[in-house]
Structures are given as C-alpha cells and as structure tokens.
Amino acid sequence: MATAGGTYAKAMPNMAPFGPGFPGQKGSGHNPDEWMTVGDLVKIGKIYALALYQMGNL
C-alpha cells in the first residue's frame, strides 16, 4: 500500500510519495506507538533497494 500523499513530494515536480504500509498495521504510522515487525522492516528494505536500483537504471 502506498502512502496517502501527505509528503513533501507534492511540492516537487515529477515526484511521488513512497513509504511502507502492510496489511495489519491499521494506521500505526506517525503515532507515538508506531511499529513495524522485523519481517516487514526487512521486506521494506528489499523493496527500497530494488526501487533505488531500478531508478538508477532508467
């Protein structure tokens, strides 16, 4: 799931918001009790690495 777009990306041309959201997190982001499982943290690390690799090879 992508972020809702409440980021600085909308202030820059040709940018898109990009951040993790996995099933079961139920809107925990940016709250005092924000959390992510270790498995999800590893998964998003792999997603970020692949995205950066692909953007570098456009």
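Just a few scattered comments:
- When G21 is tested against (1) in contact with a helix residue (DSSP H, G or I) (Cβ under 6 Å, 6 or more places away or on another chain); (2) at pLDDT 75 or above, only condition (1) is not met.
- Matching residues in region 13-51 - criterion: being of a type in the set (A, V, I, L, M, F, W, C) and not in a helix (DSSP H, G or I): M15, A16, F18, F22, W35, M36
- Considering region 1-18, and only residues there that are closer than 18 Å to G45 by Cβ and either among the basic types (K, R) or modelled with pLDDT under 70 (or both), the residue that is most open to solvent (accessible area, probe 1.4 Å) turns out to be M1.
- Tallying residues that are open to solvent by 60 Å² or more (accessible area, probe 1.4 Å) and either aromatic (F, W, Y) or within 14 Å of the chain's Cα centre (by Cα) (or both) within region 35-48 yields 8.
The values are calculated or read from the model by the stated rules, or taken from the named source; none is laboratory data. This is a predicted model, so every value here is computed, not measured. Cβ: placed from backbone, ideal geometry, glycine included. Neighbour counts: every protein chain shown. The protein model used for the area step is the full one, side chains on, heavy atoms only, and it has no ligands, DNA or RNA in it. Shrake-Rupley method; radii C 1.70, N 1.55, O 1.52, S 1.80 Å.
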